[in-house]
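Undergrad: Dropping a structure here in structure tokens format, bear with me for questions.
The values are calculated or read from the model by the stated rules, or taken from the named source; none is laboratory data. Everything numeric here is computed off the predicted structure, so don't read it as measured data. Heads up, the Cβs are rebuilt from the backbone with ideal geometry, glycines too, and the neighbour counts pull from every protein chain shown. For accessibility, only protein heavy atoms count, side chains too; no ligands or nucleic acids. Shrake-Rupley method; radii C 1.70, N 1.55, O 1.52, S 1.80 Å.
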Amino acid sequence: MRGILHPLNLALGEAAAFESLGGQIFEQSAVTQIQRGPRLSVQTAQGSVRCQFVIVACNAYLGDLVPELAAKTMPCGSQVVATEPLGALAEQLIPSNYCVEDCNFLLDYYRLSADRRLIYGGGVTYGARDLAHIEAVIVPNLRQTFPQLSHIQIDYAWTGNFSLTLSRLPQMGRLGSNIYYSQGCSGHGVTYTHLAGRLLAQAIQGHNSQFDAFAKLPHHPFPGGRLLRVPLTALGAWYYALRDQLGI
């Protein structure tokens, strides 16, 4: 069984479903502080919200909002390009129309779009730096995978961030009795976050068994702290990337 989905359309559809059930979504309202206590207060630049529970699920966009959580994950960037429409050539690339990712430590992933473009991604940047030339990172790998695309034009290029943990396992738990968190999807957020949402809802209602199975996993901070975690992780990634190239 296989499936390919459009993550943005999935998020928009779920947001619409949430609002249809009475939920409210406030965009462009970055949280600047969480005042802790028996009754929580969430501060934004425009105002505040008082609440009984808070779920922190900011992933790669947590910043310094909750320092003890920020120390246990690292934001990373992944770059993606889309070629011009390939027409009949597309059928030669992935005849079965699967969504593919390779088995390298620093993996690449690719699939065909509905209008027969090749969408190709990879190129992890530790620390989620904004790259000036995304194509320079991705296109060499694309052309190594598909030499027949050596003269194909790249129409679109973009980047997005994901949150990495030291163990590559997601992190879920509590801060005190009324702040819950979920983070560190490590590139598997589409599947993990749907499970996490259900378990967080159950835990807030007092049904903790499945939530606790995740919460008991060790949540280690990155070695080197905020200053050295990026170069140390990049050094380790370089070693494994070299092993990929040498086939060992």
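Undergrad: Tell me the per residue accessible area of the stretch 170-222 using a 1.4 Å probe; a whole number in Å² is fine.
TA: Working: 2650 Å² over 53 residues.
With the other protein chains kept in place, the stretch 170-222 gives 50 Å² per residue.
Undergrad: Can you pull out the trypsin sites (Lys or Arg not before Pro) in the stretch 111-167 whose DSSP state is coil and whose Cβ has at most 15 other Cβ atoms within 10 Å? Don't skip to the end; give the middle numbers.
TA: Numbers: sites: Arg111, Arg116, Arg117, Arg129, Arg143; in loops: Arg116, Arg117, Arg129.
Counting only loop positions with at most 15 other Cβ atoms within 10 Å, the trypsin sites (Lys or Arg not before Pro) in the stretch 111-167 are Arg129.
Undergrad: A follow-up question, please. Could you provide, to the nearest whole Å², the per residue accessible area of the stretch 1-131 with probe 1.4 Å? If you can, show how the numbers build up before the last one.
TA: Working: 7930 Å² over 131 residues.
Using a 1.4 Å probe on heavy atoms only, each residue of the stretch 1-131 averages 61 Å².
Undergrad: Which entry is the computed P(r) over Cα pairs in 10 Å bins from 0, in percent for this structure: [x] 6, 25, 32, 23, 12, 2, 0; [y] 7, 25, 28, 18, 10, 5, 4, 3, 2, 0; [z] 8, 36, 41, 14, 0?
TA: Looking at P(r) over Cα pairs in 10 Å bins from 0, in percent for this model, the match is [x].
Undergrad: Would you mind finding the longest exposed-site-free stretch of the chain, with exposed chymotrypsin sites (Phe, Trp or Tyr not before Pro) meaning DSSP loop and at most 16 other Cβ atoms within 10 Å? Spell out each step's value before the answer.
TA: Numbers: sites that count: Phe26, Phe53, Tyr98, Phe105.
So the longest stretch without any such site is 106-248.
Undergrad: Write out the trypsin sites (Lys or Arg not before Pro) in the stretch 152-210 meeting two conditions: DSSP loop, and at most 14 other Cβ atoms within 10 Å of their Cβ. Walk me through the intermediate numbers first.
TA: Numbers: sites: Arg168, Arg174, Arg198; in loops: Arg168.
Counting only loop positions with at most 14 other Cβ atoms within 10 Å, the trypsin sites (Lys or Arg not before Pro) in the stretch 152-210 are Arg168.
Undergrad: Still on this structure, please answer the following. Given the DSSP H assignment, sum -39500 (n - 2.57) over each helix run of at least 4 residues in the chain and divide by its residue total; what's the result at 222 nm in deg cm²/dmol, nearest 500? All intermediate terms of the calculation are to be shown ahead of the outcome.
TA: Working: 7 runs with 80 residues, N = 248.
Estimated from H runs of four or more residues: -10000 deg cm²/dmol.
Undergrad: Which GluC sites (Glu not before Pro) in the stretch 1-107 pass both tests, a DSSP loop state and at most 15 other beta-carbon atoms within 10 Å? List each step's numbers first, then the result.
TA: On the way: sites: Glu14, Glu19, Glu27, Glu68, Glu91, Glu101; in loops: Glu27.
For GluC sites (Glu not before Pro) across the stretch 1-107 that sit outside H, G, I, E and B with at most 15 neighbouring Cβ atoms in 10 Å, the list reads Glu27.
Undergrad: Right, something else. Assuming R0 = 35 Å, what is the FRET efficiency of Trp158 and Leu242, from their Cβ-Cβ distance, to the nearest 0.05? The partial results should precede the final answer.
TA: On the way: r = 28 Å, r/R0 = 0.80.
The calculated FRET efficiency here is 0.80.
Undergrad: Which percent of the accessible area of the stretch 100-247 is formed by carbon and sulfur heavy atoms (probe 1.4 angstrom)?
TA: Of all accessible area on the stretch 100-247, carbon and sulfur atoms account for 58 percent.
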